[in-house]
Amino acid sequence: MKDGFNYQGGEVELSGGSFKQHSGTAEFGANNGEFGIYAAGRVLDEDGWRFFAHDRIRQFYSAGSAHLDGLTFDLTYTHADNGLYGPGAVPVQSLALDSRNVFTGPQANLNRLDFVTADASYSVAKDLAVQGVVYYRDYRQFVSNGNSTNYTACTTNTDAGFLCQADGATPLTNAAGQELPD
């Protein structure tokens, strides 16, 4: 990963495109020979070419570093907060009416990450170092899928706890012939 020692300077990039797509990235790194800092971020928004197909991306990374007489220490923080919405397949008859149509929804994948890492290395001798890493990671994901099914819980006593056809009495099986749990 980048830090203030392997990347110095700054850069900003902005772009835009079809379907109200606009994005930006920025990064900056610097050091004074002993201490370094680095930060980078990315933002993206777009409406998508279908109804309910917008995406939102927010990503950030930062690093604080110390390179002192035989000791290297890095503290990094990563954050992401992304929402991706991608509707599934659509019958061609519906697309013929309007190419933006959606057949089932919602189709959402929301991801959030906070990740902190501290790592250190100390050179005890020319060919010997002691190293350690400590981290904390909090990842949360929410997925909603509007695709539905006609399958239901089995209603017969002999197949209770398994998945059946819409009639509630005809069990579904896998390729090995085993009933599928509800």
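The values are calculated or read from the model by the stated rules, or taken from the named source; none is laboratory data. All values derive from a computational prediction rather than experimental measurement. Positions of Cβ are backbone-derived with ideal geometry, glycine not excepted, and every protein chain shown enters the neighbour counts. Side chains are part of the model used for accessible areas, which takes the heavy atoms of the whole protein and leaves out ligands, DNA and RNA. Shrake-Rupley method; radii C 1.70, N 1.55, O 1.52, S 1.80 Å.
Observations on the model:
- Identity of the residue in the range 131-170, within 20 Å of residue 104 (Cα to Cα) and of a type in the set (Val, Ile, Thr), that ends up modelled with the lowest pLDDT: 149
Every residue, every condition in (1) of a type outside the set (D, E, K, R); (2) open to solvent by less than 50 Å² (accessible area, probe 1.4 Å), yes or no:
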| position | (1), (2) |
| --- | --- |
| 93 | yes, no |
| 107 | yes, yes |
| 111 | yes, yes |
| 122 | yes, no |
| 126 | no, no |
| 132 | yes, yes |
| 164 | yes, yes |
| 170 | yes, no |
| 173 | yes, no |
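- Residue count, the range 1-29 (criterion: closer than 17 Å to residue 47 by Cα, surrounded by 12 or more Cβ atoms within 10 Å (Cβ to Cβ) and touching a Ser or Thr at 6+ places or on another chain (Cβ under 9 Å)): 4
- Qualifying residue in the range 121-129 (condition: in contact (Cβ under 8 Å) with a residue 40 or more places away in the chain and within 30 Å of residue 53 (Cβ to Cβ)): no
- Near pairs, Cβ below 6 angstrom, 6+ apart or cross-chain, from the range 69-90 (over 30 Å from residue 119 (Cβ atoms)) to any residue that is basic (Lys, Arg) and exposed (fewer than 13 other Cβ atoms within 10 Å of the Cβ): none
- Residues that are open to solvent by 100 Å² or more (accessible area, probe 1.4 Å) and of a type in the set (Ser, Thr, Tyr) within the range 150-162 comprise 151, 155, 158, listed in sequence order.
- For first residues located in the range 13-28 and modelled with pLDDT under 95, partners that are in a loop (DSSP other than H, G, I, E, B) and surrounded by 12 or more Cβ atoms within 10 Å (Cβ to Cβ) and lie 6+ apart or on another chain with Cβ distances below 6 Å form the pairs 19/47; 19/48; 20/47.
- Pick from the range 45-82, criterion among the small types (Gly, Ala, Ser) and modelled with pLDDT of 95 or more, ranking: farthest from residue 12 (Cα to Cα): 66
- Residue that is open to solvent by less than 80 Å² (accessible area, probe 1.4 Å) and polar (S, T, N, Q), where the choices are 82, 147: 82
- Condition met for residue 42 (open to solvent by 60 Å² or more (accessible area, probe 1.4 Å), within 30 Å of residue 100 (Cα to Cα) and either at pLDDT below 95 or not β-branched (Val, Ile, Thr) (or both)): yes
- Of the candidates 48, 36, the single residue that is surrounded by 14 or more Cβ atoms within 10 Å (Cβ to Cβ) and more than 23 Å from residue 133 (Cα to Cα) is 48.
- First in the range 99-120 and of a type in the set (Val, Ile, Thr) and in a strand (DSSP E or B), second anywhere and modelled with pLDDT of 85 or more and open to solvent by 40 Å² or more (accessible area, probe 1.4 Å), Cβ under 6 Å, 6 or more apart: 116/77; 116/136; 117/135
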